[in-house]
Amino acid sequence: MKTHIELLLGLLFCSFFSIATHAQTITGAWKGKIGSAHTELKLIKKGDSLLGTSYYYTSRNNYIRYAVKGYFDPNNNSVVWWDDAMLEDRLSGSLFGGGDKEALLSVADFNCPGEKTMMLDGESTVRDNKNKPKGTVALQKISSSGFHDEWDFVIENYIYGANDPGIIDSIARLHLTQHPVPEEKEITESTYQSSTVKPVQKDKPAIAVTAPPIAEKKTPTAATTAQQKYSGREKKLATVIPVTGDSIELRFYDNAVVDGDSIAVFLNDKMLFEHVRLNYKPYSMTISVNDLSDDNEMVMVAENLGTIPPNTSLMVAIVDGKRYEARLESTENSSALIRFIKQKKKNNRE
């Protein structure tokens, strides 16, 4: 009985603390392990979304850092986040017990077992492959991280105005790497002069040129099927969508100029459709949530690249009244991956 009362008091304290500070308790720094990797994680809540950064390290000078994206559902305290883009690689030595540097995706529950203890407990997988588990998530909230970066300001001042979406977005943009665009050479008169064809001197004999042999025509091979493209191409995560409710409505559009892009879509290794030409009018379909597993992979495969490569599409997902958008890109070497992860229903404690 005493244990139940202590647990109830702890939960009440968590709720009161969140309201009293006008802050979301998920925002902050977290420390522990994901699998065998020492991990420090910074999460910042922006609406239903999460942004931040993750550090997997063997020491303070040896780590790999990713920009993080995710979602937090305060109704059931479920948290999903994934390593979106690598920012730094200062790692020497093994990680996850074997030098593995693959980006991760983690699904956890936010728990508050005591007055000053907040935990993230769950499981992780390779970000681009749900079938490659990476171990247990065991993180505890800490007052400050041992790794200092641009998110420290937001965390320290979150309840004093740094929770403003504009500030959070501006910090997130600092992660973007600027790729210098090569300067175009100015075309001048001297440029044309350097390419002027000089007249052939008539006093020199002509040079005989032997024509190359005519290449033998090759018999065209059979076109690669959508299934072969799905199996043979690398899958790259575009986004993760948390799933609640009874159904998911999906709409697929051409994301740019309508140029004849054609796609096939697979769900958990099974083809949903193929030979769909994308345009301004959406191709729509509905999926029953009851037919889904806890973690699902949807893959968009480019059947062609249109007249303007790569093949790009906009996918809109309506999930339990919420709208999610994902801009998908597929090439001859890679396909776009979306993971749909079911959220646990809130348990009523006795």
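Kindly identify region 282-338 as rounded, prolate or oblate by the Cα gyration tensor criterion: order the square roots of the eigenvalues as a ≥ b ≥ c, call it rounded if a/c is under 1.5, otherwise compare a/b with b/c, prolate if a/b is larger, else oblate. Walk me through the numbers on the way to the answer.
Numbers: a/c = 2.59, a/b = 1.79, b/c = 1.45.
Note, shape of region 282-338 comes out prolate.
Got a sec to turn the phi values of region 318-328 into Karplus ³J(HN,Hα) couplings, 6.51 cos²θ - 1.76 cosθ + 1.60 with θ = phi - 60°, whole Hz, x for Gly and Pro?
Values per residue, Gly and Pro as x: 9, 10, 6, x, 9, 9, 10, 10, 9, 8, 9 Hz.
Please state the shape class of region 51-90: rounded when a/c is under 1.5, otherwise prolate if a/b exceeds b/c and oblate if not, all from the C-alpha gyration tensor.
Values: a/c = 4.69, a/b = 2.36, b/c = 1.99.
Prolate is the answer for region 51-90, as a/c is 1.5 or above and a/b outweighs b/c.
Sorted from largest down, what three extents in whole angstroms do the Cα atoms of region 231-294 have along their principal axes?
Ordered largest first, region 231-294 gives principal extents of 36, 29, 20 Å.
Starting from the Cα gyration tensor of region 46-115, take the square roots of the eigenvalues, sort them a ≥ b ≥ c, and report rounded, prolate or oblate (rounded when a/c is under 1.5, otherwise prolate if a/b is larger than b/c, else oblate). Kindly include the intermediate steps, with their values, before the conclusion.
Details: a/c = 2.50, a/b = 1.85, b/c = 1.35.
Since a/c reaches 1.5 and a/b is larger than b/c, the shape of region 46-115 is classed as prolate.
Normalised by the residues of region 54-97, what does the relative contact order come to in percent, with Cα pairs under 8 Å and at least six apart? Numbers along the way, then the final one.
Values: 72 pairs, mean separation 18.8, N = 44.
Averaging sequence separation for qualifying contacts and normalising by length gives 43 percent for region 54-97.
Collect residues whose amide H, placed 1.01 Å from N in the peptide plane, falls under 5 Å from the amide H of L95; neighbours closer than 5 in sequence don't count.
Amide H neighbours of L95, under 5 Å, 5+ apart: D100.
What residues have an amide H closer than 5 Å to that of I26, excluding those fewer than 5 places away on the same chain, when H is modeled at 1.01 Å from N in the peptide plane?
none
For the cross-link pairs K270/K345; K134/K344; K45/K101; K46/K270, which exceed 30 Å when the distance is taken from alpha carbon to alpha carbon?
On the way: K270/K345 27 Å; K134/K344 21 Å; K45/K101 26 Å; K46/K270 35 Å.
From the list (K270/K345; K134/K344; K45/K101; K46/K270), the Cα-Cα distance tops 30 Å for K46/K270.
Provide the packing ranking of 233-240, 267-274, i.e. peptides ordered by the mean count of other C-beta atoms within 10 Å per residue, highest first. Walk me through the intermediate numbers first.
Details: 233-240: 17.9, 267-274: 13.6.
Highest-to-lowest ranking by the protection proxy: 233-240, 267-274.
We did not get these values from a lab; they are worked out from the coordinates using the rules stated. Here the structure is a predicted model, which is why all the values come from computation and not from measurement. Note: ideal-geometry Cβ built from the backbone for every residue, glycine included; neighbour counts use all protein chains shown.
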